[in-house]
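The structure under discussion appears below in the form of structure tokens.
What follows is calculated from the coordinates using simple rules that are stated; it is not laboratory data. This one's a predicted model, so the numbers in the text were calculated from it and none came from an experiment. Here Cβ is always computed from backbone atoms with ideal geometry, including for glycine, and neighbour counts include all displayed protein chains.
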Amino acid sequence: MSDELLNTLSTLVSEERNPATMDLDTLDTLELVSRINNQDKRVPLAIEKELPQIAKAVDLITEAFKCGGRLIYVGAGTSGRLGVLDATECPPTFGVNENAVIALIAGGEDAVFRSLESAEDSPEMGRQDLLRKTLVKKDVVVGIAASGRTPYVVGALQYATSIGAKTVALACNTGSEIARYADIAITPVVGPEVLTGSTRLKSGTAQKLVLNMLTTASMVRGGKCYQNLMVDIKATNAKLVARAIRIVMQATECSKKEASDVLQQSQYEVKPAILMQLTNSSYADAINTLAEHSGHLRTAISTQHESTEN
């Protein structure tokens, strides 16, 4: 191991020893989990300071989706797995194509389920993985690395920058290397971990919360929500069919039977079902109206009511 790497790690807040947990191995169980909990409380406050940068990233991603671009997460270890988790949950939650939000993890799919930490040391692998995904300028690449220096992520961001794709860096240390290759740097500094260097703790929690914001907020901005309801879910199993019925009932204040009937007419697409129920539209008219308003249900409802009144 090089002295350079040791020196680099010694400068990172996420690698420092936490003075509040120096006696960790002496605590009883309740004291131990209380100490962890007290440290976890710092995470939302660190993220709050980064909200302007997060909002800028959301606007980038929203615009990319409008243009047919993709959101691509790139990470290693815990950071990579968090990207995989967030990307995987987008199609059932928001009804998007499985290629709209994708995640690359150093070491490939095997690294999701078992540790392949050495894979993160190759910048070229990051570049190659993006090449295999045919990265284009209208895509947004989000590099995730608690340390901010992971070579795999650095290589991916360097390549993304070189072709003109928009880039975001998510790290938990200020002045990170990945921030040098990003249009927007999101840096929630959560401080030293309870267990020194174990960035799956506070740093991982911060990353998960930020990724939640990036996808949820960009999907809301893109019309995937009405009021606070998920109106583009895919009713692919019994639970989701029940949820679809419940959403239509909540949005329209109709009965279970009415919700079930209109969903059958709309092929279990929630968004047109709500529009049909609220405006007495046909399925074809609902689909056309939604298309005219880029899928924004609230605007479509207002337009239908105005045309009826006139």
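Per-structure values
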{"item": "Karplus 3J(HN,Hα) series, Hz, for the range 31-39 with 6.51 cos²θ - 1.76 cosθ + 1.60 (x for Gly, Pro)", "result": "5, 4, 6, 5, 5, 4, 4, 4, 6"}
{"item": "Per-residue [θ]222 nm for the chain (sum of -39500 (n - 2.57) over DSSP H runs n ≥ 4, rounded to 500)", "result": "-16500 deg cm²/dmol"}
{"item": "Nonlocal amide H pairs with Ala185, under 5 Å, H built at 1.01 Å", "result": "Ala169"}
{"item": "Structure-derived volume of the Cα convex hull per residue in Å³: which label, when the choices are (i) 151; (ii) 201; (iii) 164", "result": "(iii)"}
{"item": "The chain, dipole about Cα centre (Lys/Arg Cβ +1, Asp/Glu Cβ -1), debye to the nearest 20", "result": "560"}
{"item": "Placed amide H near Lys166: partners under 5 Å, 5+ positions off or other chain", "result": "Asp139, Val141"}
{"item": "Relative packing of 80-93, 102-115, which averages over residues the other C-beta atoms within 10 Å, highest first", "result": "80-93, 102-115"}
{"item": "With Cα atoms, 0 to 90° folded angle of helix 256-265 axis to the chain main axis", "result": "90"}
{"item": "Sequence ranges 232-240, 138-146, ranked by mean other-Cβ count within 10 angstrom, highest first", "result": "138-146, 232-240"}
{"item": "Separation in nanometres of the label points that stand 7 Å from Cα toward Cβ, at Thr299 and Gln264", "result": "3.4"}
{"item": "In order through the range 20-27: 3J(HN,Hα) via Karplus (6.51 cos²θ - 1.76 cosθ + 1.60), integer Hz, x for Gly, Pro", "result": "7, 10, 5, 9, 3, 7, 10, 7"}
{"item": "Leu45-Glu89 FRET efficiency (beta carbon distance; Förster radius 25 Å; 0.05 resolution)", "result": "0.45"}
{"item": "Residues with amide H under 5 Å from that of Leu104, placed H, sequence gap 5 or more", "result": "Tyr73, Val74, Gly75"}
{"item": "Reciprocal of mean inverse Cα separation for the range 225-309 (Kirkwood radius, Å)", "result": "12.5"}
{"item": "Too-long pairs where the Cα-Cα distance tops 23 Å, listed order kept, from Lys66/Lys133; Lys202/Lys234; Lys239/Lys271", "result": "Lys202/Lys234"}
{"item": "³J(HN,Hα) computed for each position of the range 229-237 - Karplus, 6.51 cos²θ - 1.76 cosθ + 1.60, integer Hz, glycine/proline x", "result": "10, 7, 9, 10, 5, 9, 7, 9, 8"}
